[in-house]
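First the structure, in the form of structure tokens, and then the observations on it.
The values are calculated or read from the model by the stated rules, or taken from the named source; none is laboratory data. None of these values were measured; they are calculated from a predicted model. Methodologically, a virtual Cβ is constructed for each residue, glycine included, from the backbone with ideal geometry; neighbour enumeration extends over all protein chains shown.
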Ligand SMILES: C[S@@+](CC[C@H](N)C(=O)[O-])C[C@H]1O[C@@H](n2cnc3c(N)ncnc32)[C@H](O)[C@@H]1O
């Protein structure tokens, strides 16, 4: 369902609207010193651009060429390494990033393999932040849902400390300009040194 053609069509049909960074990212990164970051499934780049503006050295990956074109445009004044790749077959450098962040990335197939791959890219002492559509979120389709337990199940238990595992609400604007309350599953974990 969520293959490359789906995302290309979704971005082309939706038009280019400059996005704001995720409130979950802003909250969870506030206490981290800048370092290297991987933004997985970066879409139109708001999170990557926000991180780069705060001194992070960011690699941002997405399967949609259209989304990346817009990200490059919006992020023209900050250094981000934009990578056009499919996260299901692109392998990030192992144990490399101080922060690996993924928001609402739900590839075709079970997400556990992707979560494990993202976790393997976190450097010792680094942070994994995965934000998904909580199953309580009736605005998203069930195929897009994930829970914090899904992410935790993909982590090697003796290598990680879970810092945050909770469902949070946020308010977004729907295509008709109305405010809607959405539910996020937020998992933040620190890889042991
Ligand atoms: C719901 S959007 C979220 C975009 C962005 N993270 C945000 O929060 O605004 C999901 C993103 O993941 C990307 N994506 C989905 N599957 C992917 C894959 N297999 N490899 C790389 N990117 C993928 C899509 O192109 C899309 O930009």
Contact list, first residue from region 1-23 and closer than 21 Å to residue 51 by Cβ and more than 8 Å from the ligand (Cβ to nearest atom), second anywhere and modelled with pLDDT of 90 or more and not in a helix (DSSP H, G or I), beta-carbon distance below 6 Å, six or more apart or interchain, is 23/170
Residue 5 being touching a helix residue (DSSP H, G or I) at 6+ places or on another chain (Cβ under 8 Å) and surrounded by fewer than 21 Cβ atoms within 10 Å (Cβ to Cβ)
no
Would region 151-162 turn up any residue that is under 16 Å from the mean Cα position of the chain (by Cα), at pLDDT 95 or above and under 19 Å from residue 33 (Cα atoms)?
no
Just to verify a result, which residue in region 70-82, among those that are crowded, with 17+ Cβ neighbours inside 10 Å and either assigned to a strand (DSSP E or B) or under 14 Å from the mean Cα position of the chain (by Cα) (or both), is farthest from the ligand (Cβ to nearest atom)?
80
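Within 8 Å of the ligand (Cβ to nearest atom), assigned to a helix (DSSP H, G or I), in contact with a helix residue (DSSP H, G or I) (Cβ under 8 Å, 6 or more places away or on another chain) and more than 15 Å from residue 100 (Cβ to Cβ): does that describe residue 67? I'd like the intermediate steps shown before the answer.
On the way: within 8 Å of the ligand (Cβ to nearest atom): yes; assigned to a helix (DSSP H, G or I): yes; in contact with a helix residue (DSSP H, G or I) (Cβ under 8 Å, 6 or more places away or on another chain): yes; more than 15 Å from residue 100 (Cβ to Cβ): yes.
Answer is yes for this residue.
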Residue list for region 86-97, restricted to those being in a loop (DSSP other than H, G, I, E, B) and either more than 10 Å from residue 59 (Cβ to Cβ) or away from the ligand (no atom under 12 Å from the Cβ) (or both)
86, 87, 88, 89, 90, 91, 93, 94, 95, 96
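If you take the residues in region 98-112 that are away from the ligand (no atom under 11 Å from the Cβ) and free of Cβ contacts under 8 Å to residues at least 60 places away in the same chain, which one is nearest to the chain's Cα centre (by Cα)? Walk me through it before giving the result.
The initial filter retains those residues of region 98-112 that are away from the ligand (no atom under 11 Å from the Cβ), namely 98-100, 110, 112.
When the remaining residues are screened for being free of Cβ contacts under 8 Å to residues at least 60 places away in the same chain, the result is 110, 112.
Working: 110: 16, 112: 15 Å.
Here the residue is 112.
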Go through region 24-53 residue by residue and tally those that are within 11 Å of the ligand (Cβ to nearest atom), farther than 12 Å from residue 71 by Cα and assigned to a helix (DSSP H, G or I).
2
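Regarding residue 170, is this residue under 17 Å from the mean Cα position of the chain (by Cα), assigned to a strand (DSSP E or B), at pLDDT below 95 and within 24 Å of residue 32 (Cβ to Cβ)?
yes
Return the residues of region 121-139 that are buried (at least 18 other Cβ atoms within 10 Å of the Cβ) and either at pLDDT below 95 or out of contact with any helix residue (DSSP H, G or I) (no Cβ under 8 Å at 6 or more places or on another chain) (or both); say none if nothing qualifies. Walk me through how you get there before you give the answer.
Let us first name the residues in region 121-139 that are buried (at least 18 other Cβ atoms within 10 Å of the Cβ), namely 121-123, 126-134, 137.
Result: 121, 122, 123, 126, 134, 137.
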